[in-house]
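Report on one structure; see the data block that follows.
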Amino acid sequence: MAKFLLSVHVLGAILLIGPVTIAASLFPRFARQALGDGPEQESAEGPVRLLHRICRVYAVAGVSVPAFGVGTAQVMGVMGSAWLISSMALTVVAAILLGIAVLGTQDDVVTHLDKPERTPASVESLIARLPRLSMITGLFALAWLIVVVLMIVRPGSTTGA
C-alpha cells in the first residue's frame with residue numbers, strides 16, 4: 001500500500017504541482033505584455049487567461065498531493081519526522097502564497113482584461129504589482145524545491161534512504 005500511495009503522491013506532484021509552478025512563473029511576463037500598449041498586447045491576452053486557468057484548476061487538483069503524502073507518511077510510520085513536518089509546513093506556506101498572493105493578483109489582471117475600458121492609472125497599478133508577483137512565484141517555486149529535497153534526503157530519517 002505504501003508503494004501505491006507514494007507513487008500516486010509523486011505522480012501527483014509532477015503532474016499537478018509542476019504545471020502550476022511553471023504557469024505561475026510565466027504569468028507575470030505575459031501579463032506585462034497584455035497590459036501594455038505594444039503590438040503583442042492582444043496576442044498576450046490568450047496566454048494570460050490560459051496560464052490563469054491552469055493555475056486555478058491545477059491548484060484545486062493539487063490538494064490531492066499533500067493528501068496522498070499524509071496517507072503515505074502514515075502507512076510508512078514517519079508522521080513525526082522532522083523532515084516531514086518541515087515539508088508539511090512549507091507546503092502550507094506554498095499553498096498560502098499560491099492561494100492568496102498569486103491567484104489574487106492573477107484574478108485582478110484577468111478581471112481588468114475583461115473590462116471594456118481600461119484607465120491608465122489602473123493599468124499602471126497592475127503593472128507595478130507584477131515584479132512582486134514574480135518574486136512571490138519565485139518563493140512558491142523555492143518552497144517546492146525545498147520540499148522535494150527534504151523528501152529525497154530525509155535528514156535524520158531512519159527508514160534507510
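Of all the options GLN33, GLN74, GLN106, the one that moves most in a Gaussian network model of the chain with Cα springs shorter than 10 angstrom is GLN74.
For the chain, the per residue solvent-accessible surface stands at 55 Å², with DNA, RNA and ligands left out and a 1.4 Å probe. Note on the range 1-107: Cα convex hull, mean projected area over all directions, 6.9 nm². Only helical runs count toward this figure. For the chain, summing -39,500 (n - 2.57) over DSSP H runs of n ≥ 4 and dividing by all residues gives -26000 deg cm²/dmol at 222 nm. Split the accessible area of the chain by element, probe 1.4 Å, and carbon with sulfur accounts for 69%. When the charge dipole of the range 44-123 is built from unit charges on Cβ atoms (+1 for Lys and Arg, -1 for Asp and Glu) and taken about the Cα centre, the candidate among ALA44, GLY99, VAL70 whose Cα reaches farthest toward its positive end is VAL70. Using a/c under 1.5 as the rounded threshold, could you call the range 65-161 rounded, prolate or oblate? The axes a ≥ b ≥ c are square roots of the C-alpha gyration tensor eigenvalues, and prolate needs a/b larger than b/c, oblate otherwise. Prolate, since a/c reaches 1.5 and a/b exceeds b/c. Relative contact order of the chain: 31 percent, from C-alpha pairs under 8 Å at least 6 residues apart in sequence. Given the C-alpha centroids of the range 5-62 and the range 95-124, what is the distance between them in whole angstrom? The range 5-62 and the range 95-124 have Cα centres separated by 14 Å.
The values are calculated or read from the model by the stated rules, or taken from the named source; none is laboratory data. A quick note: this is a predicted structure, and the numbers were derived from the prediction, not measured. A quick note on method: Cβ atoms are made from the backbone with ideal geometry, for glycine too, and the neighbour counts reach across all protein chains shown. With ligands, DNA and RNA removed, areas are computed over all heavy atoms of the protein, side chains included. Shrake-Rupley method; radii C 1.70, N 1.55, O 1.52, S 1.80 Å.
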